[in-house]
Amino acid sequence: MITIVISVLITVLVLGAMWLKTGVRVVRQFERGVVFRFGQVRAEIRSPGLALIMPVADRLQKVNMQVITMPVPAQDAITRDNVTVHVDAVIYFRVVDPVRVVVGVQDYESAIRQVALASLRSIIGKSELDDLLSNRERLNQGLELMIDSPAVGWGVHIDRVEIKDVVLPESMKRSMSRQAEAERERRSRIITAEGELQASKKLAQAAETMAMHPAALQLRLLQTVVEVAAEKNSTLVLPFPVELLRFLERATPSEPGQAVPRPAPALSAGLSAPADQRLADTRILDRAVPDGTEADR
């Protein structure tokens, strides 16, 4: 009799332990527990730690509250300026309402992925290629708003959306390279022209200064000679002023009986003299030649 009682007590204790085991759940720190009692959701959310539920009537479903990183598969889309691009993105989101996530949507991760794919195609079609390449932060904000609008009703908050990579066709890459090269060439020519303009203004100012002070030209000439001689060259090229040659020509006395031709103004200026002027100079020379010389001719 005592043996039977002990066996019954042991059986009861084992069944009670098993019953308690089925009614005890452990909720981790980054999770929250949603309890369904006979299929109806309970308003109380089970916090991290030990959660006691009724073994038969209740069912506990855990919801992850961590930030989830979801890559968006690459999509082939056409921009507003008719350029085909290959774009992928990444989404960072987290659950803020465990009850709505469990009750409101069947699979919230799959739902967020599909909304992200549709929103990515939509925002690419509304944007131009230049905005997609250079103004990506504004596109990220617009994509975040488009995904966050339906996600709020599901109890999900979108923390951040980023467009990772934009792949262009090879023909478009070559066109953009040529455009960038042409732009750099244009800027280099503009900079060179501006430098020439500034140099010409400074040279004009220097010429005016040298015209007011003739000694400045001689000092500049001597400075140039010093700079050339500093290179240890075996040959030194010394510029000789043309005005000095003309001065020496005028100062040299002419031989007796030899006429000194008058220089034509046009020739001294580097131009050919008119025909009537050349004839007048010829007549002067004929008169100045002695008779004996003319007879010898």
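Here are the numbers for the structure shown:
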{"read-out": "For Val156, residues with placed amide H under 5 Å, excluding near neighbours", "value": "Val96"}
{"read-out": "Rounded to whole Hz, the Karplus (6.51, -1.76, 1.60) HN-Hα couplings of segment 61-66, x for glycine and proline", "value": "10, 8, 10, 6, 9, 6"}
{"read-out": "His213, His157, ranked by accessible area, largest first (probe 1.4 Å)", "value": "His213, His157"}
{"read-out": "Cα→Cβ-extended label distance, 7 Å offset, between Ser134 and Gln61, nm", "value": "4.9 nm"}
{"read-out": "Spread of Cα-to-Cα distances over 10 Å intervals beginning at zero, given as percent, for segment 1-154", "value": "10, 27, 21, 16, 12, 7, 4, 2, 1, 0"}
{"read-out": "Rounded to the nearest 20 debye, dipole of segment 43-128 from Cβ charges on Lys, Arg, Asp, Glu", "value": "180 debye"}
{"read-out": "In Å², nearest 10: area of Ser134 left accessible to a 1.4 Å probe", "value": "100 Å²"}
{"read-out": "At R0 = 30 Å, FRET efficiency that the Cβ-Cβ distance of Leu197 and Arg250 yields, to 0.05", "value": "0.15"}
{"read-out": "Percent RCO, i.e. relative contact order, over segment 126-218, from Cα pairs under 8 Å lying at least 6 residues apart", "value": "17 percent"}
{"read-out": "Cβ-based net charge around Gln66, under 14 Å, with every Lys or Arg adding one and every Asp or Glu removing one", "value": "+1"}
{"read-out": "Ranking by accessible area, most exposed first, for Glu137, Glu31, Glu109 with a 1.4 Å probe", "value": "Glu137, Glu109, Glu31"}
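The values are calculated or read from the model by the stated rules, or taken from the named source; none is laboratory data. Since the model is a prediction, treat every value here as computed from it, not as a measurement. Neighbour counts are summed over all protein chains in view; Cβ atoms, including those assigned to glycine, are modelled from backbone coordinates with ideal geometry. All accessible areas refer to the heavy atoms of the entire protein, side chains included, with ligands and DNA or RNA removed. Shrake-Rupley method; radii C 1.70, N 1.55, O 1.52, S 1.80 Å.
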